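Here's the structure we're looking at; comments come further down.
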Amino acid sequence: MSWDTVQLDWDGDVATLTVDRPEALNALNVATLEAMGEAITEAADEDARALVLTGAGDDAFIAGADIAYMQDLSTAEGQDWGELGHDVADALEAFPAPTIAAVNGYAFGGGCEMAIACDLRVAGESAVIGNTEIDLGIIPGWGATQRLPELVGDETARRMIFLGERLDAESAAEAGIFGEVVADSDLEETVSELASRIAAKPAVAMRAAKQALNQRHEGSQTSGLEYEKRAFASLFGTPDQREGMDAFVEDREPEFE
C-alpha cells in the first residue's frame with residue numbers, strides 16, 4: 001500500500017515507518033494516524049523482525065497532534081480522536097517484534113506518546129521531548145499518563161505532565177526516556193545497526209520476550225488507559241481547551257480561566 005503522509009520502507013527484515021509531513025513538523029492528523037495504523041498492520045503481516053518509527057526532515061520526529069483540527073472538537077469527537085491515537089500507540093506497543101523510535105527533533109504531545117509506546121528510543125542530540133498538552137487545556141490522551149511513569153518514575157512524570165516540561169535529549173536520557181543519544185548525523189546509522197542486531201535474533205524467542213515484558217502491566221494499565229481516554233475526551237469543549245488551542249493557532253499566550 002502507499003499513503004500520502006506515511007512511508008513504509010524495508011531493509012531486509014527491518015521495516016521503517018516514516019511520518020512524512022515535514023511542512024507541518026510531522027504533526028498527526030486523522031489521515032496520518034489512519035495511514036500509520038495501516039502501515040503497522042502491513043509490517044506485522046509481512047513479518048518484520050524490527051520496526052523503526054521516525055519523522056521526515058531534520059526538524060521533528062512528530063511535533064504533536066494537529067491542534068488546528070482539535071480546537072473545535074466536541075466531547076464525542078474528542079473521544080473518537082483519542083481512540084484513534086490510542087489505537088496507533090497500542091499497535092506499536094503490541095507489535096509482534098521490537099519497535100524503535102528514532103527521535104529526530106521535536107517530539108511533543110502525541111509525538112512523545114508515540115515514542116514512548118515503542119520498545120526502545122534512540123535520539124539525536126538536538127531532540128526535545130515532552131508532554132505539553134496542559135498548555136492547551138487538555139491532558140495527554142494517547143497513553144502518556146500510564147506509560148510515562150513507567151519510564152521516568154512518578155515524580156518526574158507528574159512534573160512533565162503538570163508543567164508541560166520539555167526535556168532536551170541528554171536530560172530525557174537521564175530521566176529514562178532515551179536509551180541512547182547520538183549526534184544527529186549518526187542517528188540513522190545507529191538505529192539501523194540496532195534494528196539489524198535485533199532482526200538477527202531468533203524471531204520466536206524475541207516475540208515471547210516482548211509479550212512477557214508487556215504482560216507486567218496487563219490489567220492495571222489497561223484500566224488506566226481506558227480512564228485516560230474518557231478524561232481526555234471530556235476536556236474538549238471546555239473553556240480552557242478552546243482558549244489553549246485558539247491561542248496556539250493564533251500564536252499568542254493563552255489566558256486561562
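The values are calculated or read from the model by the stated rules, or taken from the named source; none is laboratory data. Model, not experiment: these values are computed from the prediction. Cβ coordinates were reconstructed from backbone atoms using ideal geometry, including for glycine residues, and neighbour counts include every protein chain displayed. Ligands, DNA and RNA are excluded from the accessible area calculation, which covers all protein heavy atoms including side chains. Shrake-Rupley method; radii C 1.70, N 1.55, O 1.52, S 1.80 Å.
Some values worked out for this structure:
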read-out: Residue in segment 224-236 that is open to solvent by 70 Å² or more (accessible area, probe 1.4 Å), in contact with a Pro (Cβ under 9 Å, 6 or more places away or on another chain) and assigned to a helix (DSSP H, G or I) present; value: no
read-out: Residue in segment 193-202 that is farthest from D13 (Cα to Cα), counting only those that are open to solvent by 50 Å² or more (accessible area, probe 1.4 Å) and assigned to a helix (DSSP H, G or I); value: E193
read-out: Matching residues, segment 65-85, being of a type in the set (G, A, S) and open to solvent by less than 30 Å² (accessible area, probe 1.4 Å); value: A65, G78, G82, G85
read-out: Test result for V128, modelled with pLDDT of 95 or more and touching a Phe, Trp or Tyr at 6+ places or on another chain (Cβ under 7 Å); value: yes
read-out: From V103, V14, V6, residue being touching a helix residue (DSSP H, G or I) at 6+ places or on another chain (Cβ under 7 Å) and within 21 Å of M206 (Cβ to Cβ); value: V14
read-out: A31, sole failed condition from (1) touching a residue at least 60 places away in the same chain (Cβ under 8 Å); (2) among the hydrophobic types (A, V, I, L, M, F, W, C); (3) surrounded by fewer than 17 Cβ atoms within 10 Å (Cβ to Cβ); value: (1)
read-out: Members of segment 126-160 that are over 17 Å from A173 (Cβ atoms), open to solvent by 30 Å² or more (accessible area, probe 1.4 Å) and in contact (Cβ under 8 Å) with a residue 24 or more places away in the chain; value: I134, D135, I139, T145, Q146
read-out: Any hit, segment 55-74, residues being in contact (Cβ under 8 Å) with a residue 60 or more places away in the chain and on the phi > 0 side of the Ramachandran plot; value: yes
